[in-house]
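This report concerns only the one structure given below.
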Amino acid sequence: MYADDETVRRILLDTGDTWAVVGLSDNRSRAAYGVAGVLQRFGKKIVPVHPKAGTVHGERGYASLADIPFPVDVVDVFVNSDLAGGVADEAVAAGAKAVWFQLGVIDEAAYERTRAAGLAMVMDRCPAIEIPRLEDRA
C-alpha cells in the first residue's frame with residue numbers, strides 16, 4: 001500500500017480543489033476522462049495536461065505542468081509508470097501540494113523523492129474510487 005487512508009482523505013478533502021490531470025485528453029474511452037468527470041462532480045477544478053492540450057470537460061488544457069499559469073494543488077498522473085517519475089518531479093518543481101499516481105502507475109523511487117520533498121503522495125489508487133468511500137465513512 002502506497003498511502004494510508006489518512007493521506008488519501010487529506011488529499012481529497014484538505015489539500016485543495018485544483019487538480020492537474022496529466023494524460024487527460026478528450027478521448028472518452030480513456031480512464032482519465034471518466035475520473036476527471038468524477039473529480040468535477042465532487043467539486044474539484046480539473047486542469048487537463050496533455051501534449052495536445054485540448055479542452056476537456058469544459059476546461060482548457062495545457063501541454064505541460066510548467067505551462068499552467070496558476071497554482072495547482074494536486075497532480076493526478078495517468079501516464080505509464082516509466083514516465084511517472086518525471087511528472088512527479090515536475091509537480092514538485094511546480095509547487096504542487098500532492099501527487100496522485102493512478103491505479104497501475106508505480107514508481108517507488110519517485111514516491112520516496114516526492115515525499116522527501118514534502119508533498120503528500122498516493123500511488124496505485126484511484127480518487128474516483130476513494131471519494132465515494134469517504135462519504136460512506138462520514
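The values are calculated or read from the model by the stated rules, or taken from the named source; none is laboratory data. Note that the structure is a prediction, hence the values are computed from the model and not measured. Backbone-built Cβ (ideal geometry, glycine too); neighbour counts: all protein chains shown.
Tell me, which residue of segment 13-42 that is in contact with an Asp or Glu (Cβ under 6 Å, 6 or more places away or on another chain) and not polar (S, T, N, Q) is nearest to ASN80 (Cα to Cα)?
By that ranking, first place goes to VAL21.
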Fill in the blank from the handout: Among ALA88, ALA96, the single one that is part of a loop (DSSP other than H, G, I, E, B), under 11 Å from the mean Cα position of the chain (by Cα) and either within 18 Å of LYS44 (Cβ to Cβ) or modelled with pLDDT of 95 or more (or both) is ALA96
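Scan the strands (runs of 3 or more DSSP E) fully inside segment 11-81 and keep the ones with 3 or more residues being among the β-branched types (Val, Ile, Thr) and in contact with a helix residue (DSSP H, G or I) (Cβ under 8 Å, 6 or more places away or on another chain). Full working, then the answer.
Details: elements: 18-22, 45-49, 74-77.
Result: 74-77.
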Fill in the blank from the handout: The lone condition GLU6 fails out of (1) in a loop (DSSP other than H, G, I, E, B); (2) more than 19 Å from GLY104 (Cα to Cα) is (1)
Completion exercise
With the first residue restricted to segment 107-130 and required to be surrounded by fewer than 22 Cβ atoms within 10 Å (Cβ to Cβ), and the second required to be in a strand (DSSP E or B) and not acidic (Asp, Glu), Cβ contacts under 6 Å at 6 or more apart or on different chains are TYR111/MET121; ARG115/MET121; LEU119/ALA98; LEU119/VAL99; ALA120/ALA98
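Can you work out which of the residues in segment 99-138 that are of a type in the set (Asp, Glu) and either in a helix (DSSP H, G or I) or under 25 Å from PHE70 (Cβ atoms) (or both) is modelled with the lowest pLDDT? Break it down into steps so the answer makes sense when it comes.
Taking segment 99-138 as the starting set, the residues that turn out to be of a type in the set (Asp, Glu) are 107-108, 112, 124, 130, 135-136.
If we keep only those that are either in a helix (DSSP H, G or I) or under 25 Å from PHE70 (Cβ atoms) (or both) as well, we get 108, 112, 130, 135-136.
Details: GLU108: 96, GLU112: 96, GLU130: 93, GLU135: 68, ASP136: 62.
This residue is ASP136.
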Handout entry: Residue that is nearest to the chain's Cα centre (by Cα) [pool: residues in segment 43-79 that are exposed (fewer than 15 other Cβ atoms within 10 Å of the Cβ) and in contact (Cβ under 8 Å) with a residue 40 or more places away in the chain]
Key = PRO71
